Amino acid sequence: RTGGQTHTWVAELDGLVVGFLSYKLDPDDRTAEVILLAVHPDHQNRGIGTALNEFALRAMQAAGMRMVRVETGGDPGHAPARRCYEKAGYTGLPLVRYFQTLGPGMGE
């Protein structure tokens, strides 16, 4: 698999950066991945994340991508992100990822 192309779009309001969205295109399999979407807390719930999503989705489609994926946390702190992605048309899939911290004494 070859490396992809990363793009970042910035949302400005009155000359201030209030949010951004970065995504990576993989032309080999015609998929894209949203790497990060962030909106300043003072400007959340005003449609900025939705506008960034819609803009990026159109750009990804214009670039020939056929599927987009994004990951976010399932905890309460990521609830606004989940709402934003769902509002933009993403479908959440049931998924469990397991992690374990490794430290001294493991496997002895």
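The values are calculated or read from the model by the stated rules, or taken from the named source; none is laboratory data. Quick caveat, the model's predicted, so the values are computed rather than measured. Here the Cβ positions follow ideal geometry from the backbone for every residue, glycine too, while neighbour counts run over all protein chains shown. These accessible areas exclude ligands, DNA and RNA; they are computed on the full protein's heavy atoms, side chains included. Shrake-Rupley method; radii C 1.70, N 1.55, O 1.52, S 1.80 Å.
Among the residues of region 72-95, just one is among the hydrophobic types (A, V, I, L, M, F, W, C), open to solvent by less than 100 Å² (accessible area, probe 1.4 Å) and in a loop (DSSP other than H, G, I, E, B), namely ALA88. Looking across region 45-70, just one residue is farther than 13 Å from THR31 by Cβ, loosely packed, with under 12 Cβ neighbours inside 10 Å and within 15 Å of the chain's Cα centre (by Cα), and that is ARG58. Before we move on, is THR6 open to solvent by 30 Å² or more (accessible area, probe 1.4 Å) and either of a type outside the set (Val, Ile, Thr) or touching a residue at least 24 places away in the same chain (Cβ under 8 Å) (or both)? Judged against the criteria, THR6 is a match. Annotation note: Cβ proximity below 7 Å between a residue of region 85-103 that is under 17 Å from ASP75 (Cβ atoms) and a residue that is open to solvent by 100 Å² or more (accessible area, probe 1.4 Å) and at pLDDT 85 or above (sequence gap 6+ or interchain) occurs for GLY92/GLU86. Of the candidates VAL34, VAL96, the single residue that is at pLDDT 95 or above and β-branched (Val, Ile, Thr) is VAL34. Here the condition is being at pLDDT 95 or above, out of contact with any Gly (no Cβ under 6 Å at 6 or more places or on another chain) and among the aliphatic types (A, V, I, L, M); of ALA81, ALA59, it holds for ALA59 alone.
Within region 43-69, if we keep just the residues that are without any contact (Cβ under 8 Å) to a residue 12 or more places away in the chain and part of a helix (DSSP H, G or I), the residue that is farthest from PRO80 (Cα to Cα) turns out to be ALA62. For LEU25, the conditions (1) open to solvent by less than 80 Å² (accessible area, probe 1.4 Å); (2) without any contact (Cβ under 8 Å) to a residue 24 or more places away in the chain are fulfilled apart from (2). So, LEU36, is that one surrounded by fewer than 10 Cβ atoms within 10 Å (Cβ to Cβ) and without any contact (Cβ under 8 Å) to a residue 24 or more places away in the chain or not? In short, no. Would you mind stating whether GLU71 is at pLDDT below 90 and of a type in the set (Asp, Glu)? No; evaluated as a whole, the condition is false for this residue.
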